[in-house]
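Beneath this line is the structure, given in structure tokens, with notes to follow.
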Amino acid sequence: MASGGLLHMGTLSRPHGVRGEIAVRWHGTASLPPDAPVWLQRGEDAPWPVRVVSLREHKGMLLLCLEGVEDRDAAKALCGSRLLTADSALPPLEEDEVYVRDLLGADVMLPDGSRLGRLDHLLAESGQDVWVIVTDGGEEILFPARPCFIERFDLERGRVHVAPPEGLLDVYLR
């Protein structure tokens, strides 16, 4: 999620209209603070700074206008780029909140105290955050990262305690 102090906040997905707006697949619950420094990154290329002219929501989509991106072709050329911001620009967390980046690699614990596996990465492409948990046997479990299934975080011990929906583990661990 992070790239040298930069956090992956979203991915530019497609042009919107003809004036350079770009739809963004947002990868978190925190919004981009006004005047936050922003970078774009393609693949493993070095990130480059950009200036956000406007950011708005439209029919459940986040739309972004960047300085110098004035038409559909310019917007299309940026599709697939990751939108990054400095972690220091994010708002402070509430007492019961954590950043997913701080959970990566954590042990995932079940209500009975047993270890399910390790939180490997996050899938946010579907509009719903899904954690990919890797068991000790190498199986991948796609876990819906919804508050009703997350009991608590224990960052000091590197653990997240979950209560999987009924039947989920049966699908993966036969």
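The values are calculated or read from the model by the stated rules, or taken from the named source; none is laboratory data. Here the structure is a predicted model, which means the values were calculated and not measured. When we count neighbours, we look across all protein chains shown, and the Cβ atoms used for this are built from the backbone with ideal geometry, even at glycine.
Tabulated data
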quantity: Checking G68 against (1) exposed (fewer than 14 other Cβ atoms within 10 Å of the Cβ); (2) under 26 Å from A36 (Cα atoms); (3) within 14 Å of the chain's Cα centre (by Cα), the condition it does not meet; calculated: (3)
quantity: Test set (1) more than 30 Å from E151 (Cβ to Cβ); (2) surrounded by 16 or more Cβ atoms within 10 Å (Cβ to Cβ); (3) at pLDDT below 90 - P15 fails condition number; calculated: (3)
quantity: From V130, V134, residue being free of Cβ contacts under 8 Å to residues at least 24 places away in the same chain, crowded, with 16+ Cβ neighbours inside 10 Å, farther than 28 Å from A23 by Cβ and not small (G, A, S); calculated: V134
quantity: Complete set of residues in region 77-97 that are part of a loop (DSSP other than H, G, I, E, B) and surrounded by 15 or more Cβ atoms within 10 Å (Cβ to Cβ); calculated: L78, S81, L90
quantity: When residues of region 106-127 are limited to those that are closer than 30 Å to M61 by Cα and surrounded by fewer than 17 Cβ atoms within 10 Å (Cβ to Cβ), the one modelled with the highest pLDDT; calculated: D120
quantity: Filter pass, G20 being in contact with an Asp or Glu (Cβ under 9 Å, 6 or more places away or on another chain), surrounded by 15 or more Cβ atoms within 10 Å (Cβ to Cβ) and of a type in the set (G, A, S); calculated: yes
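Results for (1) free of Cβ contacts under 8 Å to residues at least 40 places away in the same chain; (2) under 17 Å from G5 (Cβ atoms); (3) acidic (D, E), shown as yes or no for each residue.
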site: W39; (1), (2), (3): no, yes, no
site: P47; (1), (2), (3): no, yes, no
site: G60; (1), (2), (3): yes, no, no
site: D71; (1), (2), (3): no, no, yes
site: A75; (1), (2), (3): no, no, no
site: E95; (1), (2), (3): yes, no, yes
site: M109; (1), (2), (3): no, no, no
site: L119; (1), (2), (3): no, no, no
site: L123; (1), (2), (3): yes, no, no
